[in-house]
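Peer 1: The structure under discussion is supplied below as structure tokens; questions concerning it will follow.
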DNA sequence: TCAGGAATTTGTCGCGCGTAAAGTTTTTAG
DNA sequence: CTAAAAACTTTACGCGCGACAAATTCCTGA
């Protein structure tokens, strides 16, 4: 049999009885060749498992079919989940996703962009570290590569942004908490590392003032991305030192809340609403694990699927039209209140 | 100034006053050129930020500097964490890691290997789906690309395997549970999707028999990778239907345990050891979140760091020596009992 | 100071494919 | 049935770099 391996497109074109340029055209877009030609190529493809050399292809293409996906911290299930959605969508759209995590550090984020640039991707879906990002680097990157930001916005960078409307979402849960009990204190890191923290802090303050309450920021120490650990350790401290002037705590994100819940449990505080409960605790993000805390965490759900979908859609449009938007578009999705048992 | 962009190595060699082949040699290994030459190149490098074209480099190199990392499900924090370790180590060893998740499916796993093959990586670190893998595909892949398996072993495939000694780890926690209270039932999925489940089931049965107890397998329904959900839903059912003939439950992995804990909480069962507790629950893996369950989960810790380190070490050795091992090596790491509050 | 080896330069080829132009065949429309 | 359009083939070039051989320059040590 013709079990002699095919070495390159030349040889494959020979055994399929089609010229090399046409075969090349086929691999670029199977629908661009006549049906009869397509069939002959695909017949050959079954007999000899040939695939164009990845490097040779991309060296010469004006534009590759690669898209980069950069998230700030992949070991955070929130980002893992949204990355999974985006990856799948890119794949379905005919692109090859390349997933990179910044591991929570600016150096790695810059490295990631650098790596991506040398790969000449068709476009990039980018969730920056936010406060921890190097704006100059990102700006210069976005100027060279079609970039769509998600999750964390950096003003005027990239072609578009898709993310949560923190003002709406935080406002909503603050309102809910005020309506159903004591106004919440806001539990957060003093110098937060996660992207949306400042927006949420501001949204909390505004919402409280609008409702006629004095904001109560409980700002704890700690850095890095071990939010549960910080929530637990500082939660223990806050409870011990009786720093809470209210029985309701809104955490800046679910991971802090998970840690705080663990601390409350250790301190023997019953969490929940209604009779016999000492404390209400709410979070933010609808983290994949917040359905399994004890008690289940009341929180605000981000619409993962929509954010992923619209981001990819926009990038694909951008890449395929070849032109950038006339005006940068910012799309904010509303959060959804997820009432569970903790508040 | 010479702000005119450098287009290729030729031009860069010109502005740095060094010949192109020597520049090429420098990029391949900076220490392979004379110090004075290195300095001149690096001086030029600061003035003109040139980088060799990724695709052109890899097209011609016998061996690329890319290594693939494939995990079964990246949205599982366990794999996210170990992937993070491995990524960092590869990076430090001078390789470019390419992280791929199989998203829990065989088709995606095969696709991933296919993608990797077309990238001609120097080597691959691969945690297969296990039972869900397509052995033929993986075998043929490992025959073509230096492959080190981790987490989940497939007999006789790849150059080496690094993972947990399930017999030891499960034996240890079974022994601990028996010594300190009633012998445990084993809570697991009837047809598990996660890789090490069968080994753990067998290890449990063996340990129980060795200790003179009748094994008690609580096998619940459910598929996919939503282990917490399954643990919760089936935990509710098991508790409601009083299917437990003991007050001690060992879960096949921490994620199931997290779900089970949530169910027990909902049912008003106090989890923990000693007076006033209705049930002891233990897990397995020391999942990143098991420190923050209520109560904190007693479990067996896998030595993430060592598994990652040794796997990468072995792959680097393999790649740099250019030869495959005379004999496939299987290295099992001992689990460590992590005593917390749940059992 | 000089030999000899190491480092470098020069020149040249090849990798596998994209791409373009010009000529040929096939298909489609009138 | 014919002419135009579409698809294909042939031919040829270029991408940016790795790899190699031969010639040259540099550095080391006695």
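Peer 1: How about segment B:304-343: which of its residues are part of a loop (DSSP other than H, G, I, E, B) and free of Cβ contacts under 8 Å to residues at least 40 places away in the same chain? If you could, list the steps in order and put the result at the bottom.
Peer 2: Of segment B:304-343, the ones part of a loop (DSSP other than H, G, I, E, B) are B:322-328, B:334-335, B:339-343.
Across segment B:304-343, the qualifying residues are B:322, B:323, B:326, B:327.
Peer 1: Also, I was wondering about something else. Which count do you get for residues in segment A:37-65 that are within 24 Å of residue A:124 (Cβ to Cβ) and in contact with a helix residue (DSSP H, G or I) (Cβ under 6 Å, 6 or more places away or on another chain)?
Peer 2: 7
Peer 1: What is the residue count in segment A:17-41 for residues that are in a helix (DSSP H, G or I), more than 10 Å from DNA strand C (Cβ to nearest atom) and either more than 38 Å from the chain's Cα centre (by Cα) or crowded, with 18+ Cβ neighbours inside 10 Å (or both)? Steps first, please.
Peer 2: The initial filter retains those residues of segment A:17-41 that are in a helix (DSSP H, G or I), namely A:20-28, A:30-32, A:35-41.
Now restrict to residues that are more than 10 Å from DNA strand C (Cβ to nearest atom): A:30-32, A:38-41.
Narrowing further to those that are either more than 38 Å from the chain's Cα centre (by Cα) or crowded, with 18+ Cβ neighbours inside 10 Å (or both): A:38-41.
Number of matching residues: 4.
Peer 1: Going through segment B:261-293 one residue at a time, which ones are within 17 Å of residue A:290 (Cβ to Cβ), in a helix (DSSP H, G or I) and within 10 Å of chain A (Cβ to nearest Cβ)?
Peer 2: Narrowing segment B:261-293 to residues within 17 Å of residue A:290 (Cβ to Cβ): B:261-263, B:265-266, B:287-293.
With in a helix (DSSP H, G or I) added as a condition, the list becomes B:261-263, B:265-266, B:290-292.
If the condition is that a residue be within 17 Å of residue A:290 (Cβ to Cβ), in a helix (DSSP H, G or I) and within 10 Å of chain A (Cβ to nearest Cβ), then B:261, B:262, B:263, B:265, B:266, B:291, B:292 are the ones that fit.
Peer 1: Further, regarding this structure: Restricting to segment A:4-14, what's the tally of residues that are more than 12 Å from DNA strand D (Cβ to nearest atom), surrounded by 19 or more Cβ atoms within 10 Å (Cβ to Cβ) and assigned to a helix (DSSP H, G or I)?
Peer 2: Of the residues in segment A:4-14, the ones more than 12 Å from DNA strand D (Cβ to nearest atom) are A:4-7, A:11-12.
Retained after the next criterion (residues that are surrounded by 19 or more Cβ atoms within 10 Å (Cβ to Cβ)): A:6, A:12.
Those left that are additionally assigned to a helix (DSSP H, G or I): A:12.
Qualifying residue count, segment A:4-14: 1.
Peer 1: Still on this structure, please answer the following. For segment B:199-215, check the following and say yes or no: at least one residue is closer than 25 Å to residue A:341 by Cβ and not assigned by TED's automatic domain parsing to the domain that holds residue B:131. Give the derivation first.
Peer 2: Kept after step one, since they are closer than 25 Å to residue A:341 by Cβ, are these residues of segment B:199-215: none.
No, every residue in segment B:199-215 fails to be closer than 25 Å to residue A:341 by Cβ and not assigned by TED's automatic domain parsing to the domain that holds residue B:131.
Peer 1: What number of residues within segment B:198-217 satisfy the criterion of being in contact with a strand residue (DSSP E or B) (Cβ under 7 Å, 6 or more places away or on another chain) and surrounded by 22 or more Cβ atoms within 10 Å (Cβ to Cβ)?
Peer 2: Total satisfying the criteria: 1.
Peer 1: Still on this structure, I have one more. Looking at the structure I just gave you, is residue A:46 in a helix (DSSP H, G or I), more than 14 Å from DNA strand D (Cβ to nearest atom) and under 29 Å from residue B:53 (Cα atoms)? Spell out the reasoning first.
Peer 2: Working: in a helix (DSSP H, G or I): yes; more than 14 Å from DNA strand D (Cβ to nearest atom): yes; under 29 Å from residue B:53 (Cα atoms): no.
No; evaluated as a whole, the condition is false for this residue.
Peer 1: Tell me whether segment B:53-62 contains one or more residues that are under 30 Å from residue B:256 (Cβ atoms) and either more than 16 Å from DNA strand C (Cβ to nearest atom) or under 33 Å from the mean Cα position of the chain (by Cα) (or both). Walk me through it before giving the result.
Peer 2: Of the residues in segment B:53-62, the ones under 30 Å from residue B:256 (Cβ atoms) are none.
No - not one qualifying residue is present in segment B:53-62.
Peer 1: Ok, one more. Given the options A:270, A:255, name the one that is surrounded by fewer than 23 Cβ atoms within 10 Å (Cβ to Cβ) and not assigned by TED's automatic domain parsing to the domain that holds residue A:90.
Peer 2: That would be A:270, the only listed residue that is surrounded by fewer than 23 Cβ atoms within 10 Å (Cβ to Cβ) and not assigned by TED's automatic domain parsing to the domain that holds residue A:90.
Peer 1: Now for a different question. Determine the pairs where a residue that is away from chain A (no Cβ under 14 Å), located within segment B:42-56, has a partner that is more than 15 Å from DNA strand C (Cβ to nearest atom) with Cβ atoms under 6 Å apart, the partner being 6 or more residues away or on another chain.
Peer 2: Listed pairs, sorted by first residue: B:48/B:6.
Peer 1: Which members of segment B:147-185 meet the condition of being over 19 Å from residue B:102 (Cα atoms), touching a residue at least 12 places away in the same chain (Cβ under 8 Å) and part of a loop (DSSP other than H, G, I, E, B)?
Peer 2: B:156, B:159, B:165, B:181, B:182, B:183, B:184
Peer 1: Still on this structure: Criterion first (under 18 Å from the mean Cα position of the chain (by Cα) and either touching a residue at least 60 places away in the same chain (Cβ under 8 Å) or more than 10 Å from DNA strand D (Cβ to nearest atom) (or both)) does residue A:96 satisfy it?
Peer 2: Values: under 18 Å from the mean Cα position of the chain (by Cα): yes; either touching a residue at least 60 places away in the same chain (Cβ under 8 Å) or more than 10 Å from DNA strand D (Cβ to nearest atom) (or both): yes.
Taking the combined requirement at face value, the residue satisfies it.
Peer 1: Separate question: Mind listing whichever residues of segment A:100-110 are out of contact with any strand residue (DSSP E or B) (no Cβ under 9 Å at 6 or more places or on another chain) and more than 7 Å from chain B (Cβ to nearest Cβ)?
Peer 2: Pass one, segment A:100-110, residues out of contact with any strand residue (DSSP E or B) (no Cβ under 9 Å at 6 or more places or on another chain): A:103-107, A:110.
A:104, A:105, A:106, A:107, A:110, listed by residue number.
Peer 1: Is it the case that residue B:120 is in contact with a helix residue (DSSP H, G or I) (Cβ under 8 Å, 6 or more places away or on another chain), surrounded by 17 or more Cβ atoms within 10 Å (Cβ to Cβ) and within 11 Å of chain A (Cβ to nearest Cβ)? Steps first, please.
Peer 2: Details: in contact with a helix residue (DSSP H, G or I) (Cβ under 8 Å, 6 or more places away or on another chain): yes; surrounded by 17 or more Cβ atoms within 10 Å (Cβ to Cβ): yes; within 11 Å of chain A (Cβ to nearest Cβ): yes.
Criteria met by residue B:120.
Peer 1: A further question follows. Restricting the search to segment A:294-326, which residues are crowded, with 22+ Cβ neighbours inside 10 Å and away from chain B (no Cβ under 14 Å)?
Peer 2: Scanning segment A:294-326 gives A:298, A:299, A:300, A:302, A:307, A:311, A:312, A:314, A:315.
Peer 1: Of all residues being outside any helix (DSSP H, G or I), crowded, with 17+ Cβ neighbours inside 10 Å and out of contact with any strand residue (DSSP E or B) (no Cβ under 6 Å at 6 or more places or on another chain) in segment B:74-99, which is farthest from the other protein chains (Cβ to nearest Cβ)? Just the residue, please.
Peer 2: B:76
Peer 1: Then there's this: Restricting to segment B:15-41, what's the tally of residues that are within 11 Å of DNA strand D (Cβ to nearest atom) and either within 11 Å of chain A (Cβ to nearest Cβ) or farther than 27 Å from residue B:315 by Cα (or both)?
Peer 2: 9
The values are calculated or read from the model by the stated rules, or taken from the named source; none is laboratory data. Being a predicted model, the structure only gives us computed values, none of them experimental. FYI the Cβ positions are ideal-geometry reconstructions off the backbone, even for glycines, and counts take in every protein chain you see.
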